[in-house]
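Nothing in this text is a laboratory measurement; each read-out follows from the coordinates by a stated rule. Bear in mind the structure is a predicted one, so any value in this text is a computation, not a measurement. Methodologically, a virtual Cβ is constructed for each residue, glycine included, from the backbone with ideal geometry; neighbour enumeration extends over all protein chains shown.
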Amino acid sequence: MTRPLPRGATLLLAAMAGTAIANNYAVQPALAAVAADLDVPLSVIGLVPTAALTGCVAGFAFLLPLTDRLAPNRLITAQLTALAAALTLAAAAPGAVVLLVAYLLIGAAASVAAQAGNIAGRHAPPGRRGAGVATVAAGMSAGILLSRLAGGALTDLLGWRRMLLVFAALALLGAIAAASLLPRQRPYSRHGGYLATLTSLPLLLRHHPQLRRAVATGGLWYFAFNLTWVALALTLAEPPHSLAPTAIGLYSLAGLLGFAVLPVTGRLADRYAPHTLITAAVLAAAAGTALLVTGLNTPPVAAAGLAVFDAGCFAAQAANQSRIIALAPARSGSLSSVYLVLYFTIGAVGTSLAAPLLDTLGWQGTTLTALAALLLAATLAGTGTGQTRQTRQTRRVAATPAASPSATSGWSASMRRRRP
């Protein structure tokens, strides 16, 4: 039986997740400074966010399933230590090639954020899984939102290399805390060795229709999320805006509404059907995107659009991950691995397309593309209503004594005895 987390451990996991995932985004406001320092074109340094997300996908594929096999304290400690080493390598990079390799490693190690959410959901008390996942999701959202602000400010203050060393120190502090405070219990696995676990991952997608739906809907809104934020950073850095990294990072504060709604999302996820909450959240994100289409030149409108956009995306993700863990808690690491590999793969496409779409369609065309993806995600989430209801009814029927084989056999025997 899985033991519950000790007091304060969920908050610790949230802090670790936030500081880890921040490393995928903190460098974005500093891309122009990095390109100038290394004397390479901005188009080459623009591949750094893509490298980080590619590394994340690899981490989700090969490292996240380890949550089904290793004790949380050992796994989180090792991965945060690796993250600190990769950040140190990036800070010492003499050229673009080393920097891109370092960010592949940074992205892989930053997948510890997903492991933290999985551990919080698995070790949550009965009826509190949604709240546990949402708490870690709140930490992740805070890390994502504040990473650009912190990265831009630290770059202006210390330079981009020392900025990376600050994040490396935070990762080491997290590793020390994880070693002493997280559970030492190793999960029980009945699914063979590590290689057998990896080879079974595609079958999970085949056997769980709700996992396929979660991948489709989640991938679409993460595509829209990355497309919008990367395009925003590039647009604000160019004329007529020509903003400094710190000013670009300040736009991330508009997403604090997403951080604020996550605790409420967790409680709602424990009480209501996931598809209802996901559909409402994605429609809210679409409404925020609609404001961004024409409101970038009006800061209050842009701030309102970003706030609603981030709130919707973060709330939908927390509800989606809670639903995935509930499918099979003992294999939640593997299920989450399948989901997040495809989720971030689709998100990486959004990141890669941001600059080309911006050049071709402009800001309005790029955000309209994101809006179309969100509306499609809301449509797919809503079509799961009938299937979810049928699944709940099937479980209730299977749980009744009359539906069990032993009960049916007993009833039949009783009727035979009553026959003359």
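Taking Cα atoms, how many degrees apart are the long axis of helix 274-295 and the longest axis of the chain, rounded to 10 and kept between 0 and 90?
Relative to the chain, helix 274-295 is tipped by roughly 20 degrees.
Is there a quick way to get the dipole size of region 25-135? I mean about its Cα centre, with the Cβ of Lys and Arg at +1 and of Asp and Glu at -1; what is the value in debye to the nearest 20? It would help to have the intermediate numbers written out before the result.
Working: 5 positive and 3 negative charges, 129 e Å.
That gives a dipole near 620 debye.
With unit charges on the beta carbons (Lys and Arg positive, Asp and Glu negative) and the dipole taken about the Cα centre of the chain, which residue among I325, V57, I278 sits farthest to the positive side?
So the residue we want is I325.
What translational diffusion coefficient, in µm²/s and rounded to a whole number, does the Stokes-Einstein relation yield for the chain at 20 °C and a viscosity of 1.002 mPa s, taking the hydrodynamic radius as the Kirkwood radius over Cα pairs?
D, rounded to a whole number, is 97 µm²/s.
Which of A237, A138, A316 moves most in a GNM of the chain, Cα contacts under 10 Å?
Per the Cα network of the chain with a 10 Å cutoff, A237 tops the list.
Based on Cα coordinates alone, diagonalise the gyration tensor for region 1-130, multiply each eigenvalue by 5, take square roots, and list the semi-axes in whole Å, largest first.
On the way: eigenvalues 214, 33, 26 Å².
Each semi-axis is √(5λ); the values are 33, 13, 12 Å.
Rounded to the nearest 20 Debye, what is the dipole magnitude of the chain about its Cα centre when Lys and Arg each give +1 and Asp and Glu each give -1 at the C-beta?
3020
With a cut-off of 8 Å between alpha carbons and a minimum separation of six or more residues, what is the relative contact order of the chain in percent?
Computed over the chain, the figure is 23 percent.
GNM, the chain, Cα, under 10 Å: largest mean-square fluctuation among A372, A319, A113?
For the chain, modelled as a Gaussian network with Cα springs under 10 Å, the answer is A372.
In angstroms, what radius of gyration and Dmax does region 55-159 have, counting Cα atoms only?
15.6, 51
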